[in-house]
Amino acid sequence: MTTRTVIEAVRDRTPLPAGALRSFAMGLADGSVSDAQVGAFAMAALLNGLGPSGRVRLTEAMRDSGDVLSWDLPGPVLDKHSTGGIGDTVSLLLAPALAACGAYVPMISGRGLGHTGGTLDKLEAFEGYRTNISEAQLRKVVTETGCAIVGATGRVAPADRRLYAVRDVTATVESIDLITASILSKKLAAGLGGLVLDVKCGSGAFLPTPEAAQALAEALVETANGAGCPTRALLTDMDQSLATAAGNALELAEVLRILRGEATSPRLRAATVSLGGALLSLGGLADDTAAGDAAIETALRDGRAAEVFERMVAALGGPRDVVSQGLAGLPEAPILREVPAPHAGVLNGCDARALGWSVVSLGGGRQTEADRVDPAVGLSEILPLGTEVARGQPLARVHAAREDAADRAVAELQAAFTIGADFTPQPLILGEVGP
């Protein structure tokens, strides 16, 4: 089947023969499919959809367009993916906690996208940490330490890289089918035996409405399971920052405090435990999610997750003993400002997306691909919703490199928070999809 025939079939909503999407994905990877054809396919998929079976076939084809890992290890190979949020450093806690519980975690992560932070940018706040390593190095680190958090090589799902670039300039990013295939093709190329998905919903999420988040979660779970990877999704609240910090080094410091046993960021810890418990149950390392939750909580509390995290950071070129040495060595911004509450009351609302864009405008994220990230800037001591505040009490603290950037961030953050007479709590876990 020619590329034109594939496009016509999606355009006309007619069935695609077996192998058609595999040939199309190989053409994406080797360049034989033109940008015009990619754009036409993406627009047809956005408008008409591919259907459940088409999503599975496209995901498998894009996964198989490059290297697909296989493992021979004494425990299950597991991973987690988040659709992105503010103050979301679950990966940095969950990967070592899972490893401490007997799993192996080759976590292929990404950089900041839009208003959300990137796991790789956070880890690179550690001097020397290498996110770009070979497959052989990945295998060595995962085998010896239990986990590795790194970026994808150019040989992982090259069809997705091509399709993603064209989607970005053809107004087709919102296609549920193409989002699903993009996320899963890279994850499943890691040779996983189980996957848990954190699908965010709320003001700080890419998909703010419950209906959109539910639709994506269902598509992801159905497709991943159809492609042979046991998968479950949790829908989680992103109407406020998950941690009490937002910004690369500041979020990393929060992770180190949790690993050191200090009681910070209860929402971040709760999300880590819930996602980890679901994944341990899915991978056969716990009898059920309650047992899995308990195992993750124990690994965080007794220091085993901290030990694995230290070994992983050192194995990937970062400093040794990062947990036991505390926050020494993390970059610090020269300017610190408080964000005062304009009046007394209960903190009852937050535009979490505005928090994320504030970090980006401080220099903690990218507005263009060529932008350099300042790891030191961001926000700390962000108060959780439901906190009763006095007039002038700090709602958060701004860490900035320049006075003008600090002034702008304070004004943006005062506008992002609302203070009223009362507050109705929102659960962190909004729903679940999958086995």
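The values are calculated or read from the model by the stated rules, or taken from the named source; none is laboratory data. Everything numeric here is computed off the predicted structure, so don't read it as measured data. Cβ coordinates were reconstructed from backbone atoms using ideal geometry, including for glycine residues, and neighbour counts include every protein chain displayed. In case anyone asks, the SASA skips ligands and DNA or RNA and just uses the protein heavy atoms, side chains included. Shrake-Rupley method; radii C 1.70, N 1.55, O 1.52, S 1.80 Å.
Observations, loosely collected:
- Those residues of the stretch 368-384 which are open to solvent by 30 Å² or more (accessible area, probe 1.4 Å) and over 20 Å from residue 114 (Cβ atoms), in sequence order: 381, 383, 384
- Restricting attention to the stretch 206-240, the residues that are assigned to a loop (DSSP other than H, G, I, E, B) and open to solvent by 10 Å² or more (accessible area, probe 1.4 Å) add up to 9.
- Taking every residue in the stretch 211-223 that is closer than 15 Å to residue 52 by Cβ and among the small types (Gly, Ala, Ser) and pairing it with any residue that is open to solvent by less than 30 Å² (accessible area, probe 1.4 Å) and outside any helix (DSSP H, G or I), at least 6 positions away or on another chain, the pairs with Cβ-Cβ distances below 8 Å are 217/197; 217/199; 217/233; 217/235; 217/431; 217/433.
- Residue pairs whose Cβ atoms lie under 7 Å apart, separated by 6 or more positions or on different chains, with the first residue in the stretch 412-425 and closer than 12 Å to residue 344 by Cα and the second assigned to a strand (DSSP E or B) and polar (S, T, N, Q), are 418/348; 419/348; 420/348; 422/348.
- Some residue of the stretch 29-37 being in a helix (DSSP H, G or I), in contact with a Leu (Cβ under 8 Å, 6 or more places away or on another chain), closer than 12 Å to residue 162 by Cα and touching a residue at least 60 places away in the same chain (Cβ under 8 Å): no
- Search result, residues across the stretch 269-325 that are touching a Phe, Trp or Tyr at 6+ places or on another chain (Cβ under 9 Å) and part of a helix (DSSP H, G or I): 313
- Flag if residue 65 is within 18 Å of residue 190 (Cβ to Cβ), in contact (Cβ under 8 Å) with a residue 24 or more places away in the chain, among the polar types (S, T, N, Q) and open to solvent by 30 Å² or more (accessible area, probe 1.4 Å): no
- Options 346, 410, 373: the member that is in a loop (DSSP other than H, G, I, E, B) and either over 30 Å from residue 221 (Cα atoms) or of a type in the set (A, V, I, L, M, F, W, C) (or both): 373
- Taking the stretch 417-435 as the range and being outside any strand (DSSP E or B), crowded, with 16+ Cβ neighbours inside 10 Å and over 23 Å from the mean Cα position of the chain (by Cα) as the test, only 423 passes.
- Any hit, the stretch 116-130, residues being more than 21 Å from residue 322 (Cα to Cα) and assigned to a strand (DSSP E or B): yes
- Among the residues making up the stretch 320-367, those that are in contact with a helix residue (DSSP H, G or I) (Cβ under 8 Å, 6 or more places away or on another chain), within 30 Å of residue 138 (Cβ to Cβ) and open to solvent by less than 50 Å² (accessible area, probe 1.4 Å) are 322, 323, 326, 330, 331, 364, 365.
- Taking the stretch 373-406 as the range and being within 20 Å of the chain's Cα centre (by Cα) and among the basic types (Lys, Arg) as the test, no residue passes.
- Residue in the stretch 44-57 that is of a type in the set (S, T, N, Q) and outside any helix (DSSP H, G or I) present: no
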